[in-house]
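Below: one structure, written as structure tokens.
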Amino acid sequence: MAEALRRLRISSDTMGAGEMGVEMAGSNVLERARRGAGLSQQELAERARTSRTAVSAYEHGRKSPSLGTVERLLAASGYELDVRPRLSFRAVTGRRGKRYAVPDRLPRLPVEQALGMVRLPLRLNWSEPDRLYRLSDRRDRARVYEIVLREGDGADIERYVDGALLVDQWMNLVLPADLRTAWAPLIERLLAA
């Protein structure tokens, strides 16, 4: 296969709301990879040297594939399984009782997500509720990061903030002093490296 392997992240963004468990996650990931590659079940089955009925059973959760089988089917779709550490967040209370979510490490986003277009939910961006931000634009990205760090929770940070891009813009962000202080050890550790 001449095309480069793409990364498929198993995360809350990959799975639909309420989907839990290995079987559901595996079936969802396999179908998303196959569709993302533009393959029919038959084409995937031929590439992975299995039957179309097996692919269908995996995708519909009627049969649970082994990890090796999942990796083989993903590879045949042009994807690879990626395991990454889960972020954990602690709540830091600022001077005026405002609570901020601070991760134990900086989040990383797929390039398409880190530089894509976003419309922040109303609970984060009530002053411009329908504004579309281009994260590939440094000013738009800075504004999104300022809003998300001030108003968001851990899930918002994981969804909208890329750690490398955050470090790159850190000194130019307009943030409350207590929020900047809470994040400083994370940022300074990377800037010093």
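A few points about this structure:
- Test: residue in the stretch 84-107 that is under 30 Å from Ala45 (Cα atoms), exposed (fewer than 15 other Cβ atoms within 10 Å of the Cβ) and at pLDDT below 95: yes
- Matching helices (runs of 4 or more DSSP H) fully within the stretch 148-193 where at least 1 residues are more than 16 Å from the chain's Cα centre (by Cα) and surrounded by fewer than 16 Cβ atoms within 10 Å (Cβ to Cβ): 163-169, 177-192
- Any hit, the stretch 111-132, residues being open to solvent by 40 Å² or more (accessible area, probe 1.4 Å), more than 26 Å from Val92 (Cα to Cα), touching a residue at least 40 places away in the same chain (Cβ under 8 Å) and part of a helix (DSSP H, G or I): yes
The values are calculated or read from the model by the stated rules, or taken from the named source; none is laboratory data. None of the values given here were measured: they were computed from a predicted structure. We place every Cβ from the backbone using ideal geometry, glycine too, and count neighbours over all the protein chains shown. Side chains are part of the model used for accessible areas, which takes the heavy atoms of the whole protein and leaves out ligands, DNA and RNA. Shrake-Rupley method; radii C 1.70, N 1.55, O 1.52, S 1.80 Å.
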